[in-house]
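What follows is a set of notes on a single structure, which appears directly below.
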Amino acid sequence: MENNSDQPTEAQESNNNGNACIENVENEEPTVAVPTSPTEKDDKYYQDAKKYWSKISPTVDGMLGGFGSISFTDIRGSEQFLKNLFKLKPAPGRLQALDCGAGIGRVSKNLLMNSFERVDLVEQDAQFCAKAESELSPSGKLGTVYNVGLQDFRPEEGKYDVIWSQWVLGHLTDTDIVEFFFRCTKALKKNGIMVMKENFTNTDEVEMDRQDSSVTRPLQVMKQLLTRGNLRVVKEQRQKDFP
């Protein structure tokens, strides 16, 4: 799944086994924590999102909520951010990447496959997976496409140099996002990086989108969740030139 806006931040595993980054839109410093979604409501929360995305066309415009025109600007901003990550000391490797909430593989095709030898995708919508496989197989760089939601995804430990997650974490409950972060820290290689490109609110309120069953969190809340997930922020950058 992909949504439609952004800015970057970078986080690193607190035990120094790897790194992670976030991209977002707003950069306020609120202090309000997000209440954890009740367990009995989790299934409906995820099913509503799955139902929404099942009706979306497997196109760039569909992935970006009708804002397909921003794709070029989005990719250029991400390219620059990724280049800066490769300048870190120590820097992540360039062998294996994972695209989370990959949709039809827009980010893999236009960004990750230009920098990594192999790219795996994880996406909960079957028709998006099929489109991604069709589009990306000729590149020779497509690894495994996992047709599963992030709340249930269990990546192989120590496999990835970079894990890229864009406009999808709002679909996870607080409990699941923290557990997802923990699994990602274990999936990263030494000096590995996790990049998160997300929208953030410009207030201290969590905003609910009932249409696609997602939330937009304040940046500070996301940082709190990162800390709980054994990550720390090491780099942050705002996406420019969005409408």
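The values are calculated or read from the model by the stated rules, or taken from the named source; none is laboratory data. Please read all numbers here as calculations on a predicted model, not as lab measurements. Don't worry about glycine lacking a Cβ; one is built from the backbone with ideal geometry, like all the others, and counts go over all protein chains shown. When the accessible area is computed, the model is the full protein with side chains, heavy atoms only, and any ligands, DNA or RNA have been set aside. Shrake-Rupley method; radii C 1.70, N 1.55, O 1.52, S 1.80 Å.
Quick notes on this structure:
- Helices (runs of 4 or more DSSP H) (entirely within the range 38-103) containing at least 3 residues that are of a type in the set (D, E, K, R) and without any contact (Cβ under 8 Å) to a residue 40 or more places away in the chain: 39-54, 71-85
- The residue that is nearest to Tyr46 (Cα to Cα), counting only those in the range 189-214 that are aliphatic (A, V, I, L, M) and open to solvent by 30 Å² or more (accessible area, probe 1.4 Å), is Met208.
- Residue under evaluation Tyr160, criteria (1) out of contact with any helix residue (DSSP H, G or I) (no Cβ under 9 Å at 6 or more places or on another chain); (2) of a type in the set (Ser, Thr, Tyr); (3) open to solvent by less than 10 Å² (accessible area, probe 1.4 Å), criterion not met: (1)
- Strands (runs of 3 or more DSSP E) lying entirely in the range 189-243 (those with 2 or more residues that are touching a residue at least 40 places away in the same chain (Cβ under 8 Å)): 214-216, 231-238
- Test: Lys186 is open to solvent by 10 Å² or more (accessible area, probe 1.4 Å), under 27 Å from Leu85 (Cα atoms), part of a strand (DSSP E or B) and of a type outside the set (Ser, Thr, Tyr): no
- Residue pairs whose Cβ atoms lie under 6 Å apart, sitting 6 or more positions apart in sequence or on different chains, and linking a residue in the range 167-188 that is closer than 20 Å to Ser108 by Cβ to a partner that is assigned to a helix (DSSP H, G or I) and among the small types (Gly, Ala, Ser), are His171/Ala49.
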